[in-house]
Amino acid sequence: MRKPTSTQPGVTRRQVLTWSTGAIAATATGVAKAVTLTGAPGWTPFSNNPPETFDSTALLFFTEEEAATIDAIVDRLIPADELSMGGKEAGCTVFIDRQLHGFYGTFERLYMEGPFEKGVPEQGDQSPLVPRQRYRLGIAALNTYCQTSHQKAFKDLTAEQQDDILHGLENGKIALDGYDSASFFAQVLTNAMEGFFADPIYGGNKDMVSWKMLGFPGARYDYRDYIGRHNQDLKLQPVSIADLPTQKKGS
């Protein structure tokens with residue numbers, strides 16, 4: 001590096017950082033002005049990677065018996081009350097079925113080569129089983145347990161019996177043949193919650209029931225008209241991803 005002369009003072013690290021920050025800010029400002037939106041957006045959501053959508057709720061992965069078992073489980077995990085419909089009516093089973101039908105069901109986008117070790121909780125999921133296998137094994141094992149202990153399938157048990165079994169799965173006190181009971185419970189619980197709160201385009205959250213319950217406005221692209229309105233009920237009806245192309249600003 002050339003040494004500074006008396007007429008050209010040296011450039012300090014602080015100056016370089018200051019100039020860099022200013023340049024980044026100027027660039028960001030230019031970009032922000034370039035993408036300012038007015039009226040309806042001039043783009044289509046997921047145009048490069050659209051979600052797979054279906055015209056009906058017909059099963060894509062589950063058998064009728066498997067779907068009935070998951071219906072019963074999600075209705076106990078998310079029971080209907082004065083705030084919302086239950087998990088079954090909200091479409092949680094439909095959501096899970098579609099997810100298992102797609103790339104999530106096979107973990108297509110994850111590295112799934114061995115070795116597989118049990119590991120510790122901090123390491124996350126270490127199972128060699130993909131979600132399709134987990135559900136198929138878990139549902140079969142659950143119904144085998146219920147037939148042995150109650151001479152009925154899970155869906156035919158009373159709500160109290162179902163709750164007792166789900167608690168047993170959650171804390172590992174009930175052992176399932178072929179699949180860890182706590183892992184199966186966690187899998188279904190996680191996917192049921194995803195189905196209840198996800199955008200309806202994926203099959204769950206029927207009529208945006210959970211968003212209406214929470215007051216969540218959904219997938220709106222522009223909130224500039226509301227930035228200064230603090231602690232107010234904006235009375236915004238939720239918007240699904242599927243609705244975006246036809247939505248007008250502030251609607």
### Task
For residue 176, list long-range residues whose amide hydrogen, built 1.01 Å from N in the peptide plane, is under 5 Å from its own amide hydrogen.
181
### Task
Evaluate the charge dipole of the range 145-187 about its Cα centre and quote only its size in Debye, nearest 20, assuming +1 on the Cβ of each Lys and Arg and -1 on the Cβ of each Asp and Glu.
100
### Query
With every protein chain present, what accessible area does residue 225 have (1.4 Å probe, heavy atoms only), rounded to the nearest 10 Å²?
90
### Message
Beyond a 25 Å Cα-Cα separation, which of these cross-linked pairs lie in this structure: 152/212; 118/155; 88/152?
### Response
152/212; 118/155
### Query
Counting only residues 5 or more places away or on other chains, whose amide H sits under 5 Å from the amide H of residue 218 once H atoms are built in the peptide plane?
239
### Query
Normalised by the number of residues in the range 96-202, what is the relative contact order in percent for Cα pairs under 8 Å and 6+ residues apart?
22
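The values are calculated or read from the model by the stated rules, or taken from the named source; none is laboratory data. None of the values given here were measured: they were computed from a predicted structure. Virtual Cβ from ideal backbone geometry, glycine too; neighbours counted across all protein chains shown. Side chains included, ligands, DNA and RNA excluded: accessible areas come from the protein's heavy atoms. Shrake-Rupley method; radii C 1.70, N 1.55, O 1.52, S 1.80 Å.
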